[in-house]
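Down below is the structure, laid out as structure tokens.
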Amino acid sequence: MLFNSLPFLFLFLITYLIYWNVEAPAKKKVLLVSSILFYGYSHITFLIHFLLVIGINYYLSLKLWEKKGNGESTKGLLKWAIIFNTINLAFFKYYYFLMDSLGAFTGMELWQRLGTSVEILLPLAISFYTFQLIALQVDIHRGLVPEKISSLDYFLFILFFPQLIAGPIMRSTDFLPKLNYPEIDKHKMIQGIFLLIFGLFKKSVLADSIAGIISPLYLEPSQYHSASVYIGAFGFICQVYCDFSGYTDMARGSALLLGYEIPENFKGPFLSTSFREFWGRWHITLSSWLRDYIYIPLGGSRKGEFRSQWNMFLTMCLGGLWHGANIAFVLWGAYLGFVLAIERILEPKQIQGTNIIPSKTIRFLKNTITLNLFLISGLFFRAGSAGKNSVSFLFDLIKGFQNFFSGKILPRWEELLLFILLTISFNSLQYFPKSMEKIEKHSKFLIPVLSVILLLLLGVFGDGGGEFIYFQF
């Protein structure tokens, strides 16, 4: 069920009306039923599998709490909980990738036959809920969730529909303490409505329109002029931002209207002046998850400079693999890890007591470099969608960049430039939070006006609601 669809609007309105008109003990049951309907709408088999996975995890969590209560070690049981969730993810997401890799490595037809004789559908949100379940088990082991929670709270924490399909990846400390205390006031309602309006605009007007312009280029990138390939590549990173940030806005807006605040995932990354700052503002809940549950357990920065950079590189490679069972996604992660490591090595050491503020020119140059470094990563990310042809697709993109004096011009490139500028404008709202506060002060005027404008724009640009990019993960 898509946020930008009538079924979701109907489900949310019914949920909202019932939710705020029942007694407090029943509110969580209303949310759980709505969340089950939300997930089961697409595929009932996936729902049964999902509920079974949560049930097994709850049993393992009960055993972890029991062992901690008895003063016993929980390391062994935690290991099995992580193995179970990893195998569940690996079977559905990496089966074909593993069979193809074994076939290529050994040359045996057996692996190729195994890879083509079985049809495995990827359950919705499996990458996101796997990370959330693993984090919860680790948090119990670490003592961050000391008290046993009910099965209702446990299932709702994982199933909560505003963030279920594509995050944000919630931690136990983000949601569980607030679960019994939903809060709604005028400010949260205004903020939630603005987030829904802006999120729908980003997705249905910007992201989907950009996709329509650049899609022909990605069908045959080697046939286009280098300038067209460049602006198309820039358009793609804008599309991903608007698509995913738009989803997050709608998720956060829906949650706020239900009385809960869930984490932000984007804080104006396109205005960053370093790659480290960029990654700290892009898909924030994933980057913090990778840091806390992979990078730090690997040793973090505690074992010397080389080991620190190696841990970062390995963590980003795993982050790339999490996005997809494809060599292009692994290369995407490796590229990000390499750039972060090199930037950290070359970063000048700040003298204690000094705080040099760079000039606007320096900030602009650093921002331009950062955006172009991220643009390159977008080539790997876009190639990942080509599946088994990802490597050849990547080479076609590179060929397109070499067409300095020939090649086709991207149609509607002027419109694309406008959408890129609008994307940067939305980044400004996130980068400078006070600007959003100023907008919210005029909510009585802006909410109805923006709603009418959005409806008109949806009539012009909307195409019925395209699927969110991160739904494939």
Q.
Take the conditions in the same structural domain as LYS399 (by TED's automatic domain parsing), under 26 Å from ALA135 (Cβ atoms), surrounded by 19 or more Cβ atoms within 10 Å (Cβ to Cβ) and touching a residue at least 12 places away in the same chain (Cβ under 8 Å) and apply them to PHE201. Does it pass?
A. no
Q. If you check every pair at least six apart or on different chains, which have Cβ atoms under 7 Å apart with a residue in region 289-318 that is touching a residue at least 60 places away in the same chain (Cβ under 8 Å) and closer than 26 Å to LEU133 by Cβ first and a residue that is assigned to a loop (DSSP other than H, G, I, E, B) and of a type outside the set (Gly, Ala, Ser) second?
A. TRP289/ILE169
Q: For GLU414, indicate whether it is at pLDDT below 75 and acidic (Asp, Glu).
A: no
(Q) LYS267 - would you say it is outside any helix (DSSP H, G or I), out of contact with any strand residue (DSSP E or B) (no Cβ under 6 Å at 6 or more places or on another chain) and at pLDDT 90 or above? (A) yes
Q. Among PHE381, PHE432, which is the only one that is crowded, with 18+ Cβ neighbours inside 10 Å, of a type outside the set (Gly, Ala, Ser), within 24 Å of the chain's Cα centre (by Cα) and at pLDDT 80 or above?
A. PHE381
(Q) Of the residues TYR224, TYR230, TYR181, only one is aromatic (Phe, Trp, Tyr), assigned by TED's automatic domain parsing to the domain that holds PHE374 and surrounded by fewer than 22 Cβ atoms within 10 Å (Cβ to Cβ); which? (A) TYR230
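Take PRO182 and tell me if it is at pLDDT 85 or above and either outside any helix (DSSP H, G or I) or basic (Lys, Arg) (or both). Give the steps one after another, and end with the answer.
Working: at pLDDT 85 or above: yes; either outside any helix (DSSP H, G or I) or basic (Lys, Arg) (or both): yes.
The answer is yes for PRO182.
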Q: Would you mention how many residues in region 93-130 are in a loop (DSSP other than H, G, I, E, B) and closer than 29 Å to TYR154 by Cα?
A: 6
Q) Which members of region 159-175 meet the condition of being within 24 Å of LEU13 (Cβ to Cβ) and either outside any loop (DSSP other than H, G, I, E, B) or modelled with pLDDT of 95 or more (or both)? A) LEU159, PHE161, PRO162, GLN163, PHE175
Q: Could you figure out which of (1) under 19 Å from GLN132 (Cβ atoms); (2) of a type outside the set (D, E, K, R); (3) out of contact with any Pro (no Cβ under 6 Å at 6 or more places or on another chain); (4) not in a helix (DSSP H, G or I) isn't true of THR273?
A: (1)
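Using the structure shown, decide if GLY259 is farther than 25 Å from LEU89 by Cβ and outside any helix (DSSP H, G or I).
Criteria met by GLY259.
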Q) From the residues in region 390-429 that are within 21 Å of LEU200 (Cβ to Cβ) and among the β-branched types (Val, Ile, Thr), which one is surrounded by the most Cβ atoms within 10 Å (Cβ to Cβ)? A) THR423
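Can you report the number of residues in region 18-42 which are under 23 Å from the mean Cα position of the chain (by Cα) and aromatic (Phe, Trp, Tyr)? Even if it seems obvious, please write down each step before you answer.
So the first thing to find is which residues in region 18-42 are under 23 Å from the mean Cα position of the chain (by Cα), and the list is 31-32, 34-42.
Now restrict to residues that are aromatic (Phe, Trp, Tyr): 38-39, 41.
Qualifying residue count for the region: 3.
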Q | Of the criteria (1) closer than 16 Å to PHE161 by Cα; (2) surrounded by fewer than 18 Cβ atoms within 10 Å (Cβ to Cβ); (3) hydroxyl-bearing (Ser, Thr, Tyr), which one THR106 fails | A | (1)
Q | Unmet requirement for ASP292, which otherwise passes all of (1) under 20 Å from LYS79 (Cα atoms); (2) surrounded by 17 or more Cβ atoms within 10 Å (Cβ to Cβ) | A | (2)
Q) Which condition does LEU152 not pass, out of (1) among the aliphatic types (A, V, I, L, M); (2) within 22 Å of LYS28 (Cα to Cα); (3) surrounded by 19 or more Cβ atoms within 10 Å (Cβ to Cβ), if it passes all the others? A) (3)
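Residue-wise test of (1) surrounded by 16 or more Cβ atoms within 10 Å (Cβ to Cβ); (2) more than 29 Å from the chain's Cα centre (by Cα); (3) not assigned by TED's automatic domain parsing to the domain that holds LYS148.
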| position | (1), (2), (3) |
| --- | --- |
| TYR58 | yes, no, no |
| GLY69 | no, yes, no |
| SER73 | no, yes, no |
| TRP80 | no, no, no |
| LEU89 | yes, no, no |
| LYS93 | yes, no, no |
| TYR96 | yes, no, no |
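The values are calculated or read from the model by the stated rules, or taken from the named source; none is laboratory data. Every value quoted in this text rests on a predicted model; they were computed, and no experiment measured them. FYI the Cβ positions are ideal-geometry reconstructions off the backbone, even for glycines, and counts take in every protein chain you see.
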